[in-house]
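Okay, so here's the structure we're looking at.
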Amino acid sequence: MGYFFYAYRADLGLTGFHAGRQNPGAEQANPGLRPAQIVWQTVDRTPDGFKVQMPAGASEAQIPAYTGQGVAEQVNMIQASVDPETTYAVAWADNPPVEQAAGEDIEKTLDLARNGALGRTQTTLISESLSNRGGYPAHDFSGRNAGGGILDARLILAGTRLYMLIAAFPAASARRDEDVNHFFDSFSLTAAARAD
């Protein structure tokens, strides 16, 4: 699942490191960054197995996810930006490349998805935790890139469908715990997600 983030890391505000040299961090370039004010709306994707609250103006796309062999597979994603550098998104796929590579090993699937997301966004892991959401295994993690960008993500493996919730910020000062928690905690699986 994490494979698609490389192409979309600019949209997710995670481009602080280019061509092997460090760019000035967003925090240094603009120390007055503040969290954006968010107008939340419920996005009902029951046919896709979930409901979630996202910032207003969510749009959807099909984006390529690449297997370890470079083969492109389509991944569904909805995203909403509250400002040019703060993005909330949900991506999902049935039997995604990471699950295929893990051979249905749940822990390995979640670890591969985490590692792929961190690698493709050029972020370093700063925290992680395992949990259970709606009866399914979940893996929360946060990362920071060389430019100061922050990525918070939650992976949920519901049968063979992998969901990834993403909250990306240009700097720590642009992030608010209550917004990330609101987004993550508003996500609920529906009956469509429960078929294995």
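Read the figures in this text as sums done on the coordinates, not as results from a lab. The model shown is predicted, which means the values in this text are computed figures rather than measured ones. Neighbour counts run over all protein chains shown; Cβ positions are idealised from the backbone, glycine included.
Structural remarks
- Relative exposure of 111, 177, 185, 48, judged by other C-beta atoms within 10 Å (fewest first): 177, 185, 111, 48
- Annotation: amide H of residue 149 within the under-5 Å range of 16, 26, sequence separation 5 or more or interchain, hydrogens built in the peptide plane.
- Per-selection Kirkwood Rh - segment 118-196 (Cα, Å, 1 d.p.): 13.4
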